[in-house]
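Read the structure below first, then the notes.
The values are calculated or read from the model by the stated rules, or taken from the named source; none is laboratory data. Remember, predicted model here, so these are calculated numbers, not experimental data. Cβ sites come from the backbone with ideal geometry, for glycine too, and all protein chains shown count toward neighbours.
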């Protein structure tokens with residue numbers, strides 16, 4: 001049996017034999033990030049089809065399922081089809097103001113047990129109740145603030161009406177987004193994040209930014225890969241070509 005001292009000595013020996021890592025230096029903060037993001041979005045608008053295809057390819061490569069809706073009116077039927085395939089009945093979704101469309105009510109009318117997250121910040125008792133509702137749901141519906149083509153990554157910002165639990169607790173996560181969310185690379189993502197944090201934060205913004213690159217994956221010491229242990233085992237992205245419109249009511 002290996003002792004603690006022997007185990008640590010082996011680690012020290014392996015580290016001593018390894019080559020030194022490359023030197024690392026912090027990057028300089030970009031100047032005028034907001035202006036640069038505006039220029040970037042105008043440039044990317046010319047190539048949105050190319051970006052979308054790259055996002056689809058990378059998203060499917062990491063185990064996501066991609067859907068293309070020509071308008072927001074087609075989204076509820078796509079979500080119902082996903083739920084039917086998974087045998088899902090209970091759905092929780094971001095508030096319509098955060099989704100950019102009144103989708104949760106539309107899904108309720110199609111037979112799902114659909115609960116919309118409140119826009120106002122709940123008190124402690126209601127927050128605990130909602131957390132229980134989200135944890136019991138089969139499917140969580142959110143928007144995506146960004147979709148990174150280079151890695152197939154969805155970026156979600158928490159806040160009022162858009163709790164992070166919606167994308168983390170249900171076993172299936174469905175995210176909707178339009179072409180305005182498409183960016184090309186992680187380098188561009190860093191620029192957008194810098195622009196988001198330039199100046200005072202909006203009052204409704206939460207404290208968490210989630211990066212979702214495919215379903216949750218975990219491996220044990222024998223490298224046996226398991227999906228869905230620390231998050232959703234199924235992740236779907238619905239691209240809305242016609243864009244997401246302001247909700248009918250907030």
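Can you give me the number of residues within the range 89-109 that are within 22 Å of residue 239 (Cβ to Cβ), more than 18 Å from the chain's Cα centre (by Cα), modelled with pLDDT of 95 or more and outside any helix (DSSP H, G or I)?
Residues in the range 89-109 being within 22 Å of residue 239 (Cβ to Cβ), more than 18 Å from the chain's Cα centre (by Cα), modelled with pLDDT of 95 or more and outside any helix (DSSP H, G or I): 0 in total.
Quick one: in the range 134-168, which of the residues that are assigned to a loop (DSSP other than H, G, I, E, B), more than 19 Å from residue 52 (Cβ to Cβ) and over 13 Å from the mean Cα position of the chain (by Cα) is modelled with the lowest pLDDT?
Restricting attention to the range 134-168, the residues satisfying the condition of being assigned to a loop (DSSP other than H, G, I, E, B) are 137-138, 144-145, 149-152, 160-161, 163-164.
In the following step, the residues that additionally are more than 19 Å from residue 52 (Cβ to Cβ) were identified as 137-138, 160-161, 163-164.
Okay, now just the ones that are also over 13 Å from the mean Cα position of the chain (by Cα), so 137-138, 160-161.
Values: 137: 97, 138: 97, 160: 90, 161: 93.
My answer is 160.
Looking at residue 51 and the list (1) under 24 Å from residue 163 (Cα atoms); (2) outside any loop (DSSP other than H, G, I, E, B); (3) in contact (Cβ under 8 Å) with a residue 60 or more places away in the chain; (4) in contact with a strand residue (DSSP E or B) (Cβ under 8 Å, 6 or more places away or on another chain), which single condition is not satisfied?
All conditions pass for residue 51, except number (1).
Taking the range 181-204, which residues are out of contact with any helix residue (DSSP H, G or I) (no Cβ under 6 Å at 6 or more places or on another chain), under 19 Å from residue 164 (Cβ atoms) and not in a loop (DSSP other than H, G, I, E, B)?
The answer is 181, 189, 193, 196.
Give the number of residues within the range 169-202 that are at pLDDT below 90, surrounded by fewer than 17 Cβ atoms within 10 Å (Cβ to Cβ) and touching a strand residue (DSSP E or B) at 6+ places or on another chain (Cβ under 9 Å).
1
For the range 10-32, what are the residues that are surrounded by 11 or more Cβ atoms within 10 Å (Cβ to Cβ) and farther than 22 Å from residue 195 by Cα? Even if it seems obvious, please write down each step before you answer.
Just the residues of the range 10-32 that are surrounded by 11 or more Cβ atoms within 10 Å (Cβ to Cβ), to begin with: 10, 30, 32.
Once the filter is applied, which keeps residues that are surrounded by 11 or more Cβ atoms within 10 Å (Cβ to Cβ) and farther than 22 Å from residue 195 by Cα, the range 10-32 yields only 10.
Could you tell me whether any residue of the range 120-133 is part of a strand (DSSP E or B) and in contact with a strand residue (DSSP E or B) (Cβ under 9 Å, 6 or more places away or on another chain)? Can you show your working first?
Restricting attention to the range 120-133, the residues satisfying the condition of being part of a strand (DSSP E or B) are none.
Scanning the range 120-133 turns up no residue that is part of a strand (DSSP E or B) and in contact with a strand residue (DSSP E or B) (Cβ under 9 Å, 6 or more places away or on another chain).
Yes or no, residue by residue, for (1) assigned to a helix (DSSP H, G or I); (2) touching a strand residue (DSSP E or B) at 6+ places or on another chain (Cβ under 7 Å); (3) surrounded by 10 or more Cβ atoms within 10 Å (Cβ to Cβ):
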site	(1), (2), (3)
34	yes, no, yes
47	yes, no, yes
56	yes, yes, yes
67	no, yes, yes
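Residues being part of a loop (DSSP other than H, G, I, E, B) and crowded, with 16+ Cβ neighbours inside 10 Å: count how many of those fall in the range 205-221. If you could, list the steps in order and put the result at the bottom.
Just the residues of the range 205-221 that are part of a loop (DSSP other than H, G, I, E, B), to begin with: 213-216, 220-221.
Then drop every residue that is not crowded, with 16+ Cβ neighbours inside 10 Å, which leaves 213-216.
The number of residues fulfilling the criteria is 4.
Would you mention how many residues in the range 27-48 are under 22 Å from residue 242 (Cβ atoms) and in contact with a helix residue (DSSP H, G or I) (Cβ under 9 Å, 6 or more places away or on another chain)?
The qualifying residues number 4.
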